[in-house]
Amino acid sequence: MPEGSTWVRDVVTRVHPELSTVTLGSGVTMGDDQLVLAAGSRPDWDAIPGSAEAVLSENASTNYLFHLAPKT
């Protein structure tokens with residue numbers, strides 16, 4: 001992390017651009033003059049029928065799961 005930065009490991013539930021603040025999953029609202037949001041993702045294998053089985057085959061993979069990245 002760059003010096004002077006703070007890494008807040010929480011979920012952002014709401015962004016208030018007009019106030020330069022965000023509300024976190026913990027209920028805390030925080031703001032600053034600069035904000036970097038890193039959007040995370042989670043595979044939802046149930047959303048696409050057959051995707052869970054496909055990613056286990058040799059013909060499919062995902063970079064969103066660390067252990068499957070080398071396979072990709």
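The values are calculated or read from the model by the stated rules, or taken from the named source; none is laboratory data. Because the structure is predicted, anything quoted here is derived from the model rather than measured. Virtual Cβ from ideal backbone geometry, glycine too; neighbours counted across all protein chains shown. Ligands, DNA and RNA are excluded from the accessible area calculation, which covers all protein heavy atoms including side chains. Shrake-Rupley method; radii C 1.70, N 1.55, O 1.52, S 1.80 Å.
Starting from residues that are closer than 22 Å to residue 65 by Cα and not in a loop (DSSP other than H, G, I, E, B), keep the ones in region 1-53 and report whichever is most open to solvent (accessible area, probe 1.4 Å).
Looking at the filtered set, the residue picked out is 46.
Among the residues of region 54-65 satisfying the criterion of being in a loop (DSSP other than H, G, I, E, B), surrounded by fewer than 13 Cβ atoms within 10 Å (Cβ to Cβ) and more than 18 Å from the chain's Cα centre (by Cα), which is modelled with the highest pLDDT?
The selected residue is 57.
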